[in-house]
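Working notes, structure below.
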Amino acid sequence: MAERRYTALRIVAILLSLCGILVLLFTLILVLAAPGIVDRVSTAFSGLLETAVKEAKEKGEFEEAAEIEGIKRKLQEEGEKRSAVTGARFGILVYGLIMALGFFASGELLRLMIAVEEETRVLAEIFEKKRV
């Protein structure tokens, strides 16, 4: 029975494959959850802007309140376009797939190198036996 070598490298190869699975999983979660996240953030930010407008009006700073309301209007107009969310989702998907593929490829490359070394050792032993 052949001895099992390179235990640490085998563990690293498994960990790299697991990282690839996790990156792929998180990528899919982010791509699917991106619209909800953007909606929550924009709602929270709109609330903050509304609070800022109220505080500015209470202090009698009507020019600042008008500026903040203008910013809020522009953000609402931009938020309706949703093109940024689609672009971000596409970017997240491409980046995540490339990273996951890199992790998978690294793990498989380590496994391949271990297998090549094992086969080379077996062939060397066979030739050594025939030579003697």
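Worth a mention:
- Test: residue in segment 53-63 that is over 30 Å from the mean Cα position of the chain (by Cα), of a type in the set (A, V, I, L, M) and surrounded by 13 or more Cβ atoms within 10 Å (Cβ to Cβ): yes
- From the list Gly79, Gly87, Gly70, the lone residue that is at pLDDT 85 or above and among the small types (Gly, Ala, Ser) is Gly70.
- Selected residue (criterion: surrounded by the fewest Cβ atoms within 10 Å (Cβ to Cβ)) from residues of segment 94-121 that are under 10 Å from Leu24 (Cα atoms) and aliphatic (A, V, I, L, M): Ile98
- Test: residue in segment 44-66 that is within 30 Å of Glu118 (Cα to Cα), in a helix (DSSP H, G or I) and either at pLDDT 85 or above or in contact with a helix residue (DSSP H, G or I) (Cβ under 8 Å, 6 or more places away or on another chain) (or both): no
- Taken over segment 1-41, the criterion of being loosely packed, with under 15 Cβ neighbours inside 10 Å, under 19 Å from Gln76 (Cβ atoms) and not charged (D, E, K, R) is satisfied by Pro35, Gly36, Ile37, Val41.
The values are calculated or read from the model by the stated rules, or taken from the named source; none is laboratory data. Keep in mind it's a predicted model, so treat the numbers as computed, not measured. Reconstructed Cβ throughout: ideal geometry from the backbone, glycine too, with neighbour counts over all protein chains shown.
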